[in-house]
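Taking it in order: structure first as structure tokens, then the write-up.
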Amino acid sequence: MNTATLEPTAAPAASPPAREFPPVPDLVWSEALHTGDARMDATHQEMVELLARLRALPPEQQLEPYHELVAHTTEHFAQEDRWMLASGFTADNCHSLQHKSVLDTLLAVEAHFHQGDRSIITRMAEALAEWLPLHAQSMDAGLAQHLQALQFDTQTETLPDPTKVRPASMSGCGSISCS
């Protein structure tokens, strides 16, 4: 009751029910994730396996495997970033910036976990399971095609003819739609 007017107070409006999202399907290594570069594909396959293992665990058992995923992802992105720099990308290209954004988020997740958000690692693993196929099929496949055109050897991280590369001339992501 509103004590100033002595009129009944309206009940607060009910909050809309929380939106339920469909479950994120398991990410399974398949031909669709191939980029055309064996080393890149092996790295992606390892990430798929780490995500599957992490998603199969209850939250109280996820922290150590999450550390493994973060370490793997850090090296995975550093590897691709080295290749981009060696093949003519600028340091601040959009592909590398996406890597930085994902890594920043991965690092923030652990702090939230320690603050009591026990489902955050699961949510992050689900987000990565949705993100990785799109990233691999666009930015990474484009990068693989670019590296192959230059005959860049991802095993030795060398170019047969470094004069084919104009240093820091590409600021895009490496995909077909971005130069």
Ranked list, fewest to most other Cβ atoms within 10 Å of each Cβ, for V24, V48: V24, V48
Calculated FRET value between E31 and A52, using beta carbons and R₀ = 25 Å, to 0.05: 0.90
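Work out how much length E60 to E75 would gain on full extension: take 0.36 nm times their residue separation and subtract the Cα-Cα distance, in nm to one decimal.
The span from E60 to E75 would gain 2.8 nm if fully extended.
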Estimated FRET transfer efficiency when R0 is 35 angstrom, pair H112-R82 (beta carbons, to 0.05): 0.70
Calculated SAXS-style log₁₀ I(q)/I(0) at q = 0.17, 0.20, 0.21, 0.23 Å⁻¹ - segment 36-154, Debye, Cα scatterers: -0.84, -1.08, -1.17, -1.34
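Every number here is computed from the coordinates shown, using simple stated rules; none is lab data. From a predicted model like this one, the values you see are computed outputs, not experimental measurements. Note: ideal-geometry Cβ built from the backbone for every residue, glycine included; neighbour counts use all protein chains shown.
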